[in-house]
Amino acid sequence: MKIFLVILLSFFELQASQVKVAIVGDSITFGSGATPTQANRYSTKLGEFLGDDYLVKTFATGGLCILQKADRPFIKTVHFTKAFDFKPDITVITLGTNDTCQNDKRKNWEHQDDLMTDTISFINKLKEGNPRMIIHLCTPTPMFPNQKGLKPERKVDLTTRAKRLPAIQQAYKRAAATDERVHFHDLTRALSSGNTTDGVHPNNEGHEQLAKHFLDLLSKDTGRCANFPESSRKESSWNGFKLHKIKLPKSGANARLVIPHTATKGQPWIWRARFWGHQPALDLALLDRGYHLAFVDVGNLYGNETAMARGEELYEILTTQFQLGPKPILEGMSRGGLFIFNFAAKHPDKVTAIYGDNPVCNFLSWPGGINGKLSKVDYDRCLKAYGITAAESKTHPQITHPNFARKLQGIPIALVIGTADTVVPPTENAKPLAANLSKIDSPVKIWHKPGLGHHPHGLSPVEPLLRFLLESQK
């Protein structure tokens, strides 16, 4: 009896100390598409990932909506009552998929004008149970009308409904902006077509992917988005995120900063060296997880001291005036490798990780053309940028030299390499660098893309690369 009481008391003590998380949603949250449903749905997986410090409960069933005039409004169901009575510390709301329905049977979308007000009403009512609740307001997951195997009528239905998702995104974003304890997240990129059973509902892999996505959101506290004074604001949009254009005061160089919808504590950021917007899957995945994205124009400088000065100027502004974190991830595709590795070697204390994608690590190879592809225009510009002659370039220190690797020691480095790259051959660039890093036990991870050349850049799917870089932040 005493043993039983001890176990019982321990159980109640554990429950009292746990962070209570409510996952609120529709059939996707309920687990449709997962086999078996409750064991493999994303909310169950999320609870497993979060561990014993969290108590995760699911409040969901098929067909539920955020709109109060819809045919099945969540707020009028027993699931809302149970979620309210649970008094969660954190609530994740993933509703909206069924609100896009407008047909003979379901006439929900005709009430779309009420999206923002109904969302705010939903949140306010839920918070009456716990005013200090943190709410993560999430868009519906994507729809894939072109997924193989769908019936024609299903394709037509999803094609129509998918066009309505941006309106929900905007309504949720505006609703979240009215309450500092409500954080907006866009799940547009949280799934791919191969991860659903019918163009909407995730399969087991999709549910696990969603669980990892929510783990990224919930396992870190929210931070502060970079704040631009009104006088210097040149705001536009990039892939649905706020984009600010900046002119650096000393160098006059053009720079950009993209703001996440909800920032992660510590204001982490990724710094793209070249080719703004090209193959942005990693940039978008990190923005979705609360990272800022920065860029400064270092074109035709090939990683020289002028490029370093521009980088140092941007770094100083972003880490002081805008209070971004002190150690960004550096990202360099192709010739961007010259900037990221030179900057990291000069400032190893200002870098948390490096991602090089078919990176130039030896300008004798490219643009110089020694065992690589000659680009005479670029090579002449490169020599001018460094103030050296062609003869002097033969003895100029390169990133591939063993001594250079020591300057990068301890920095996690990810390399994505096309094995058939003849423009920037890996054997003259990334591979010697990786070998030198391995010799000094410095962390380096290589993804080979068999048979692929210099293009396309990026890793597909991006998840393994994303995980490596996120782990480097811990």
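Throughout, read-outs are computed from the coordinates displayed, never taken from laboratory work. As the structure is a computational prediction, the values presented were derived from the model and not from experiment. All Cβ positions, even for glycine, are placed from backbone atoms using ideal geometry, and neighbour counts span all protein chains on display.
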Practice task
Search the structure for amide H atoms under 5 Å from the amide H of residue 445, placed 1.01 Å from N in the peptide plane, and list their residues when 5 or more places away or on another chain.
Solution key: 413, 414, 415
Exercise for the section: Let me know the Rg and Dmax you get for the stretch 252-298 when you use only its Cα atoms, in Å. Expected result: 10.7, 31
Handout entry: Volume of the Cα convex hull of the stretch 230-472, divided per residue and given in Å³
Key = 118 Å³
Fill in the blank from the handout: Everything considered on the Cα gyration tensor (a ≥ b ≥ c; rounded for a/c under 1.5, else prolate if a/b is larger than b/c, else oblate), the stretch 384-426 must be described as oblate
Handout entry: In degrees, nearest ten, helix 336-346 long axis to first principal axis of the chain (Cα)
Key = 80 degrees
Handout entry: 5 angstrom amide H check on residue 55, placed H, neighbours 5+ away
Key = 19, 20, 21
Problem - Relative counts (whole %) of C-alpha pair distances in the stretch 188-304, using bins that are 10 Å wide - result: 12, 35, 31, 15, 5, 0
Handout entry: Amide proton proximity set for residue 183, modelled H, under 5 Å, gap of 5+
Key = 135, 136, 137
Exercise for the section: With no solvent and one equal point scatterer per Cα, compute the Debye intensity ratio I(q)/I(0) for the stretch 402-474 at 0.12, 0.23 Å⁻¹ and report its log10, rounded to two decimals. Expected result: -0.34, -1.07
Exercise for the section: Could you work out the relative contact order of the chain, using alpha carbon pairs under 8 angstrom and six or more residues apart, expressed as a whole percent? Expected result: 10 percent
Completion exercise
What helix-only [θ] at 222 nm does the chain give? Using -39500 (n - 2.57) per DSSP H run of at least 4, over all residues, to the nearest 500, the answer is -10000 deg cm²/dmol
Completion exercise
Phi angles of the stretch 316-321, converted by Karplus (6.51 cos²θ - 1.76 cosθ + 1.60, θ = phi - 60°) into ³J(HN,Hα) in whole Hz with x for Gly and Pro, give 4, 5, 5, 8, 10, 4
Fill in the blank from the handout: Quick calc, the chain, dipole around Cα centre from Cβ unit charges on Lys, Arg (+) and Asp, Glu (-), nearest 20 debye, gives 340 debye
Exercise for the section: Please work out the Cα convex hull volume for the stretch 290-414 and give it in Å³ per residue. Expected result: 104 Å³
Completion exercise
Per 10 angstrom bin, beginning at 0 and ending with the bin that holds the maximum distance, the Cα pairs of the stretch 103-206 fall in percents of 14, 37, 32, 15, 2
Problem - Karplus-derived HN-Hα couplings along the stretch 204-217 (A = 6.51, B = -1.76, C = 1.60, θ = phi - 60°), whole Hz, x at Gly and Pro - result: 4, 5, x, 5, 5, 4, 5, 4, 5, 4, 5, 4, 4, 6
Problem - Nearby lysines by direct alpha-carbon distance to residue 82 (threshold 22 angstrom, same-chain neighbours under 8 apart not counted) - result: 20, 45, 57, 69, 125, 127
Problem - Cα-only radius of gyration and Dmax that characterise the stretch 16-218, units Å - result: 15.9, 51
Fill in the blank from the handout: Scattering profile of the chain from the Debye formula, Cα beads only, expressed as log10 I(q)/I(0) at q = 0.13 Å⁻¹, is -1.18
Problem - For the stretch 168-244, fraction of C-alpha pairs farther apart than 17 Å, in % - result: 63 percent
Problem - Base-10 log of normalised Debye intensity for the stretch 16-60 (one unit scatterer per alpha-carbon) at q = 0.25, 0.31 Å⁻¹ - result: -0.83, -1.08
Completion exercise
Toy charge model, Lys and Arg Cβ at +1, Asp and Glu Cβ at -1: the stretch 260-332 dipole around Cα centroid in debye, rounded to 20, equals 240 debye
Problem - For the stretch 433-440, 3J(HN,Hα) per residue [Karplus equation, 6.51 cos²θ - 1.76 cosθ + 1.60, θ = phi - 60°, Hz, x = Gly/Pro] - result: 4, 4, 5, 5, 5, 5, 5, 9
